[in-house]
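Accompanying notes for the structure given below.
Just so it is clear, none of the values below were taken in a lab; they were calculated from the coordinates. All values derive from a computational prediction rather than experimental measurement. Cβ placement follows ideal geometry from the backbone for every residue including glycine, while neighbour counts extend to all protein chains displayed.
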Amino acid sequence: MLTITLKPGKEKSLLRRHPWIFPTAIDRIDGKPEEKNKPGATAIVQSSSGQFLARAAYSPQSQIRARVWSFQENEPIDHALIKRRIKKALTYRQSTVRDTDAIRLVFGEADGFPGLVVDWYGGKEGHLVCQFQSTGVEAWKVPIVQALIAESGCPNVYERSDASVREREGLPLVTGTLAGAEPNAETLVTENGVRYAIDVRTGHKTGFYVDQRDNRRLVMEHAANRDVLNCFCYTGGFSLAALKGGARSVISIDSSGEALQLAQRNMSLNGFDADKAQWWDADVFKTLRTLREQGKFFDLIILDPPKFASSPNQVERAARAYKDINLLGFQLLREGGLLFTYSCSGAISADLFQKIVAGAANDAKVDANILRRLSAGVDHPMTTSFPEGEYLKGLMLCKT
């Protein structure tokens, strides 16, 4: 087995149970030559004095050189561990998630699977959709799929390992059926009384943004008799929630015509009044400026853009983009109106995002109260030792 020995003093983060090991922390790697070149091989991590620290998955090409499987010296990484952790993850979701058959079943490090995401759509007759984002879980793909099927009772498993993070791990981008039936063009799910058709084969991420479930419910609760503007609407998640909540009108903007077609299909699935909804295939930044020039105002605005910062060196540029859309959002909001604004950029901290939004309000010359801080749902747990898991952050504000 590989042994990774850290430089003196570099064991501190592992003693705090942070699960990532970077190349600059490593003194040497001992083992057979074939093991040193094998992505996903399990390694013993020890301090410079030889103290056991963790068992980790080795990734020879990644800037995260190893990801911790376990901090327990007597816990082997084997099929039993895989099955045990899948069962634990499922039990937790069954006890906490309500009113939906679209759930995040496995959320990476928080569930003991570094680099693995599994979303479950449609119950036992639906599909488990997996993203294997690191060499460690890639190496254990077959037993992971077997455990998912055995514990969930869902025989259909589809892979969406097409995120760019795979390339940084030295892994190819792959999609396709891993077990059971090929997914249809549309998979139907229900969330908070709203039906959604999703495309798990080609949609964003695994086909749907399950992380916004609680926030969609919040919009639903505040949408009655309001004129709503939903920016970066994708397939209409927030738009449908607003219509379900009794919105007077909803304008939804996205630059993907295919996503907007599915959004309108979702509206029809729910029998909502088409006269209350408009779907604009347009650039959000330009459209917000046009609406401002036209003197348009709204009672509730949702800003849920794609990731603006994929790495720390993109933070400055991303901050300008977040400030721009939030400034425009404040300017288009009626007094007493609500702004729901989000960032899914892991490199943008919650504190920084709040400062950006505060700066936008100041530049817009408006006063705003923060009513709630927003995050992903309970099926996206965050461990106390791994703050990087909190990628989604948001604010619910009222323009006073």
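Using C-alpha pairs below 8 Å separated by at least 6 residues, the relative contact order for the range 72-123 is 27 percent. For the range 1-130, the Kirkwood hydrodynamic radius from C-alpha pairs, put into Stokes-Einstein at 4 °C and a viscosity of 1.567 mPa s, yields a diffusion coefficient of 81 µm² per second. When each of the peptides 294-303, 41-50 is scored by the mean number of other C-beta atoms lying within 10 Å of its residues, the order from highest to lowest reads 294-303, 41-50.
If you take the Cα centroid of the range 370-400 and the Cα centroid of the range 208-282, the two points sit 21 Å apart.
FRET efficiency for the pair CYS398 and LYS7, taken as 1/(1 + (r/R0)^6) with r the Cβ-Cβ distance and R0 = 45 Å, rounds to 0.35.
If you wrap the chain in the convex hull of its Cα atoms and look at it from every side, the mean projected area works out to 19.6 nm². Residues whose amide H falls under 5 Å from that of LEU333, counting only those 5 or more places apart or on a different chain, are PHE298, with hydrogens built in the peptide plane. Sequentially through the range 223-230, phi angles give Karplus couplings (6.51, -1.76, 1.60; θ = phi - 60°) of 8, 4, 6, 10, 8, 10, 10, 10 Hz, Gly and Pro residues having no value and appearing as x.
Under 8 Å for C-alpha pairs, at least 6 residues apart: give me the relative contact order for the range 53-160, rounded to a whole percent. It would help to have the intermediate numbers written out before the result.
On the way: 176 pairs, mean separation 24.1, N = 108.
Once normalised by length, the contact order is 22 percent.
In units of the rule-of-thumb radius 2.2 N^0.38 Å, the range 214-277 shows an alpha carbon radius of gyration of 0.98.
Tell me the relative contact order for the chain as a rounded percent, counting alpha carbon contacts under 8 Å between residues six or more apart. Mind showing how you got there, number by number?
Numbers: 863 pairs, mean separation 43.1, N = 400.
11 percent.
Residues in the range 165-176 carry Karplus couplings, in order, of 4, 4, 5, 5, 8, x, 10, x, 7, 9, 9, x Hz; the curve used is 6.51 cos²θ - 1.76 cosθ + 1.60 with θ = phi - 60°, and Gly or Pro positions show x.
With the alpha-carbon atoms of the range 104-192 aligned to their principal axes, the span from lowest to highest coordinate is 35, 27, 26 Å, starting with the largest.
Applying the Karplus relation 6.51 cos²θ - 1.76 cosθ + 1.60 with θ = phi - 60° to the range 257-262 yields 3J(HN,Hα) values of x, 5, 5, 5, 5, 5 Hz, where x marks Gly and Pro. Between amide H atoms placed 1.01 Å from N, distances below 5 Å from ALA368 occur with THR400, all of them 5 or more places distant or on a separate chain.
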